[in-house]
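S.K.: The structure is given below, and queries will be raised subsequently.
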Amino acid sequence: MKKREKVPSLGPLERAVMEQLWKAGRPLSIREVLEALQPAYPVTFNTVMTVMNRLVEKGLLRRSGERRSYLYAPVLSRQEYLGRSSYQQMESLLAEMGPLALARFVDAAADADPTYLRRLAELIRQKEAAPGSHEG
């Protein structure tokens, strides 16, 4: 996947599967993922297999090995996935709501942790100072 290539959103079970694979830090079998999901997700082997194969089709997992002994590994790290996903969400919000989205983002950041405002200001200064930045 390229840096700005879109990533698909994840349903709850897909997210849980990805979290297990990211946490493991190594390729896992369907059985290993199933065991890691239980008891929080009381699902069957076939359900986990279907979800993991869909994640392969979506380009989020790669499958290696031979039939009946496939191992699955994430294509992107958790950080890479979250970075791309959040970028897409912000792009969508800005396209739909413009300045209102920015104002609400600042409000939410301040409510979550006041230090986020300082970090945001720092990031803005860095962007403005970066070569190729455009002043409007």
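The values are calculated or read from the model by the stated rules, or taken from the named source; none is laboratory data. Keep in mind it's a predicted model, so treat the numbers as computed, not measured. Quick reminder, even Gly has a Cβ in these numbers, built from the backbone with ideal geometry, and neighbours come from all protein chains shown. Accessible surface is based on the protein model in full, side chains and every heavy atom, while ligands, DNA and RNA are left aside. Shrake-Rupley method; radii C 1.70, N 1.55, O 1.52, S 1.80 Å.
S.K.: Report, by residue number, each residue of region 11-32 that is assigned to a loop (DSSP other than H, G, I, E, B) and touching a residue at least 40 places away in the same chain (Cβ under 8 Å).
M.R.: Arg26, Pro27, Ser29 - these are the residues of region 11-32 that are assigned to a loop (DSSP other than H, G, I, E, B) and touching a residue at least 40 places away in the same chain (Cβ under 8 Å).
S.K.: State all residues of region 63-105 that are under 20 Å from Glu19 (Cβ atoms), touching a helix residue (DSSP H, G or I) at 6+ places or on another chain (Cβ under 8 Å) and outside any strand (DSSP E or B); if no residue qualifies, say none.
M.R.: Tyr70, Leu76, Ser77, Arg78, Tyr81
S.K.: Additional query: Contact list please: Cβ distance under 6 Å, first residue in region 33-47 and assigned to a loop (DSSP other than H, G, I, E, B), second residue among the small types (Gly, Ala, Ser) and at pLDDT 95 or above, pairs at least six apart or on different chains.
M.R.: As it stands, the answer is Tyr41/Ala16, since those pairs meet every condition given.
S.K.: I want to confirm something. Restricting to region 13-53 and keeping residues that are among the small types (Gly, Ala, Ser), under 17 Å from Ser64 (Cβ atoms) and out of contact with any strand residue (DSSP E or B) (no Cβ under 7 Å at 6 or more places or on another chain), which single residue is surrounded by the fewest Cβ atoms within 10 Å (Cβ to Cβ)?
M.R.: So the first thing to find is which residues in region 13-53 are among the small types (Gly, Ala, Ser), and the list is 16, 24-25, 29, 36, 40.
When the remaining residues are screened for being under 17 Å from Ser64 (Cβ atoms), the result is 24-25, 29.
Imposing the further condition that a residue be out of contact with any strand residue (DSSP E or B) (no Cβ under 7 Å at 6 or more places or on another chain) reduces the set to 24-25.
Details: Ala24: 14, Gly25: 10.
The qualifying residue surrounded by the fewest Cβ atoms within 10 Å (Cβ to Cβ) is Gly25.
S.K.: Can you name the number of the only condition in (1) over 30 Å from Ala121 (Cα atoms); (2) open to solvent by 30 Å² or more (accessible area, probe 1.4 Å); (3) not acidic (Asp, Glu) that Ser77 fails?
M.R.: All conditions pass for Ser77, except number (1).
S.K.: Still on this structure, please answer the following. Given the condition within 20 Å of the chain's Cα centre (by Cα) and open to solvent by 90 Å² or more (accessible area, probe 1.4 Å), answer yes or no: does some residue in region 105-127 qualify?
M.R.: yes
S.K.: Which of (1) open to solvent by 30 Å² or more (accessible area, probe 1.4 Å); (2) modelled with pLDDT of 95 or more is the odd one out, the single condition Met1 does not satisfy?
M.R.: Only one criterion is unmet by Met1, namely (2).
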